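Here's the structure, in structure tokens; my notes come after.
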Amino acid sequence: MGTAQDVNKVKKNIASSYHRKRAALFVLSLDFAGRIINDFRQIQEGSELYWNNQTGDAAKTMFSEAFQNDNEIGFFLSHYERYGIYLELANDRQNEAIRPLILKWAPRFYKAAKEIV
């Protein structure tokens, strides 16, 4: 039978493993946040596939960030323009940018995250 010291070692090892995995998942999220915004910029600058940039403001304000809180770790893609919702939803989403990129990158993220956990 294990001693209280042995039990405490196991608890510390579990906590340490948990924190290392959370840190690794956050770093993975940072990496994917960078990948998704770079993908957007390359596609938009090369072809304006997503929107016809009349002023370029929407494309300039696109950003991606990683986040972590008590229950979640991940990344997102967004922009600051108030009219951004119209860019994404107009004409039956014909020129949307955010959802297609998330759908492209999320499975890759989940696959990489499963390797960590």
Subset of region 37-80 [crowded, with 18+ Cβ neighbours inside 10 Å, in a loop (DSSP other than H, G, I, E, B) and without any contact (Cβ under 8 Å) to a residue 40 or more places away in the chain]: Met62, His79
Across region 16-59, which residue is nearest to Leu87 (Cα to Cα) among those that are of a type in the set (Ser, Thr, Tyr) and out of contact with any strand residue (DSSP E or B) (no Cβ under 9 Å at 6 or more places or on another chain)? Tyr50
Would it be correct to say that Ser29 is touching a Gly at 6+ places or on another chain (Cβ under 7 Å), closer than 27 Å to Glu115 by Cβ and part of a helix (DSSP H, G or I)? yes
Restricting attention to region 81-92, report how many residues are surrounded by fewer than 12 Cβ atoms within 10 Å (Cβ to Cβ) and charged (D, E, K, R). 2
Here is a check on your reading of the model: is Ala23 surrounded by 11 or more Cβ atoms within 10 Å (Cβ to Cβ) and either touching an Asp or Glu at 6+ places or on another chain (Cβ under 8 Å) or among the basic types (Lys, Arg) (or both)? no
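No lab work stands behind these numbers, since they all come straight from the coordinates. Predicted model only: the values in this text are computed from it and were never measured. FYI the Cβ positions are ideal-geometry reconstructions off the backbone, even for glycines, and counts take in every protein chain you see.
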